[in-house]
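Okay, structure first, notes after.
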Amino acid sequence: MASYIIDCDPGHDDAVALLFAAKFLPIYGITTVFGNTSITNTTRNTIALVDAAGLKIPVAKGAAKPLKGSIIKAEHVHGKSGLDGANLPDGKSQPRKEDATNFLIEAASNLQDLVLIAMGPLTNIAMAIKKAPNIMSRIREISIMGGSTSFGNVTATAEFNIFADPEAAQIVFNSGIPMRMAGLNVTSTFGITAPQVTMLCENTNFLPHNIGLSLNHYFTQQSKIYNRPYAPLHDICAVIPHTHSELIQYQRMYVDVECEGIFTRGQTVCDQRDIVTATSQASEKKANCDVALSSKGDTIVELALHSLLTYQ
């Protein structure tokens, strides 16, 4: 049976995805990364969630900045804490002594069937690949929420998690490790609605209530910024193929990351041509990623809600 490590930057949708994953999958550990907010906040949020949920999962603190360039954050969406709206006490647990890079390498070395589920910038995983490529090549799959086949949310072409560290994403996509990508073209098409958020807020159990409060903030920001009648639960789409594989449909294709373009830095370039029938060219590369193209979004949201309601 596979073992799983969650690499995340909570983040409201990360919190939902993390709690959902813990209900269905054997989570070996969690690594944190900068992204939606600072590494200090994402680590604090992760430990607060793990302790509030009564989970016994080790947490390793990861990268505080990208491999190259400046840090960008999504605090305009998730708030200064990264999980604004919730009133979770700081957890009592402490991060592991080893950092996320070494934790990932150790896990890949010791576990026979390891899957990484990445919900933030791919810096930790890229650093582990650079440090120990032979060990990391043992990983069965990396399933990410990131990128897009068509449009971005930071720029016209780039999604946040990839744009936050394109060089890291390029290393990961070109590592030879089997990849699975759920991008904005699918994850932004559905989400939690106002009545569903209200239902969580009115729940009398501590954790569902607080996740509801956090999602109320998230829903408000999604409405203001994107004029959406729902709040996308982007990150759960990286988990779903390992819990309910029938709910997201994928196509195998070649994906690389643009790191240099003035207008396209951070774009996931998805070659959707039929390479079998296309004119053969020496520059064409073999498919390296299963890319999400459609989903049963309403069912995914209902599953997420049901899992949240099982917590106290």
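Every read-out reported here was derived from the displayed coordinates using simple, explicitly stated rules and does not represent laboratory data. Keep in mind that what you see is a predicted model, and the values were worked out from it rather than measured. All Cβ positions, glycine included, derive from the backbone under ideal geometry; neighbour counts span all protein chains shown.
Taking amide H as placed 1.01 Å from N in the peptide plane, the amide H of MET181 sits under 5 Å from that of ILE144, ASP290, VAL291, ALA292, each at least 5 places away or on another chain. Between THR310 and LYS97, the distance separating the two model label sites (each 7 Å from Cα on the Cα→Cβ line) works out to 3.5 nm.
A cut-off of 5 Å between modelled amide H atoms, ignoring neighbours fewer than 5 places along the same chain, links GLN267 with GLU258.
Converting phi to 3J(HN,Hα) with the Karplus coefficients 6.51, -1.76 and 1.60 and the offset θ = phi - 60°, region 243-258 yields 10, 9, 4, 6, 8, 10, 9, 10, 10, 7, 7, 8, 10, 9, 10, 7 Hz in sequence order, with x at every glycine or proline.
With only alpha-carbon pairs counted, each pair once and no self-pairs, how large is the Kirkwood hydrodynamic radius of the chain in angstroms?
Details: mean 1/r = 0.0521 Å⁻¹.
Hydrodynamic radius (Kirkwood, Cα only) of the chain equals 19.2 Å.
Give the separation of the Cα centroids, region 8-37 to region 130-208, in Å. Going from one Cα centre to the other spans 11 Å.
3J(HN,Hα) couplings calculated from phi for region 99-112 with the Karplus curve 6.51 cos²θ - 1.76 cosθ + 1.60 (θ = phi - 60°) are, in sequence order, 7, 4, 4, 5, 4, 5, 5, 4, 5, 5, 6, 9, 9, 7 Hz; Gly and Pro show x. Applying the Karplus relation 6.51 cos²θ - 1.76 cosθ + 1.60 with θ = phi - 60° to region 29-40 yields 3J(HN,Hα) values of x, 10, 10, 10, 8, 4, x, 4, 7, 5, 4, 4 Hz, where x marks Gly and Pro.
Between the amide H of ASN153 and those of ALA158, GLU159, PHE160, distances stay under 5 Å, these residues lying 5 or more places away or on another chain, with hydrogens modeled in the peptide plane.
Computed about the Cα centre, the dipole magnitude for region 3-309 is approximately 460 debye when only Lys and Arg (+1) and Asp and Glu (-1) carry charge, each at its Cβ.
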